[in-house]
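To start, the structure under review is shown below, and the notes come after it.
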Ligand SMILES: [Zn+2]
């Protein structure tokens, strides 16, 4: 019976930190996301997302398999206090 891709799925998320100047502080972060069917290995293409790379909106790779989502860190207050 053919897989209907509805049961188990796997995902891989890779976070990339970027800086505006070489050696400078990180100012931009991006989550790169891939998803596939655990049962048969079929990969999922993201649809309705513009191609390319953007710091201001989600984009997708040319093959459609990699969703790139810009994001910003939000430091929890408690953790921040413990560091001082
Ligand atoms: Zn499947």
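Every read-out reported here was derived from the displayed coordinates using simple, explicitly stated rules and does not represent laboratory data. Keep in mind that what you see is a predicted model, and the values were worked out from it rather than measured. Neighbour counts are summed over all protein chains in view; Cβ atoms, including those assigned to glycine, are modelled from backbone coordinates with ideal geometry.
Using the Cα gyration tensor of segment 9-82, with a ≥ b ≥ c the square roots of its eigenvalues, what is the shape: rounded (a/c below 1.5), prolate (a/b larger than b/c) or oblate (neither)?
Values: a/c = 2.76, a/b = 1.60, b/c = 1.73.
Cα axes put segment 9-82 in the oblate bin.
Given an 8 Å cut-off on Cα distances and at least 6 residues of separation, report the relative contact order of segment 9-82 as a percent.
Numbers: 128 pairs, mean separation 18.9, N = 74.
26 percent.
Add -39500 (n - 2.57) for each DSSP H run of 4 or more in the chain, then divide by its residues: what number comes out at 222 nm, to the nearest 500 deg cm²/dmol? Working shown, then result.
Working: 1 runs with 6 residues, N = 84.
After summing the helix terms and dividing by the residues of the chain, the value is -1500 deg cm²/dmol.
What order do you get for 62-69, 17-24 when each peptide is scored by the mean count of other beta carbon atoms within 10 Å, highest first? The partial results should precede the final answer.
Working: 62-69: 14.8, 17-24: 8.5.
So the order, starting with the most tightly packed, is 62-69, 17-24.
Within the chain, what percent of beta bridges assigned by DSSP are antiparallel, to the nearest 5? Mind dumping the intermediate values first?
Values: 19 of 20 bridges.
Given both bridge residues lie in the chain, the antiparallel proportion sits at roughly 95 percent.
Could you check the simple spin-label distance between residue 13 and residue 35, using points 7 Å along Cα→Cβ, in nm with one decimal?
1.2 nm
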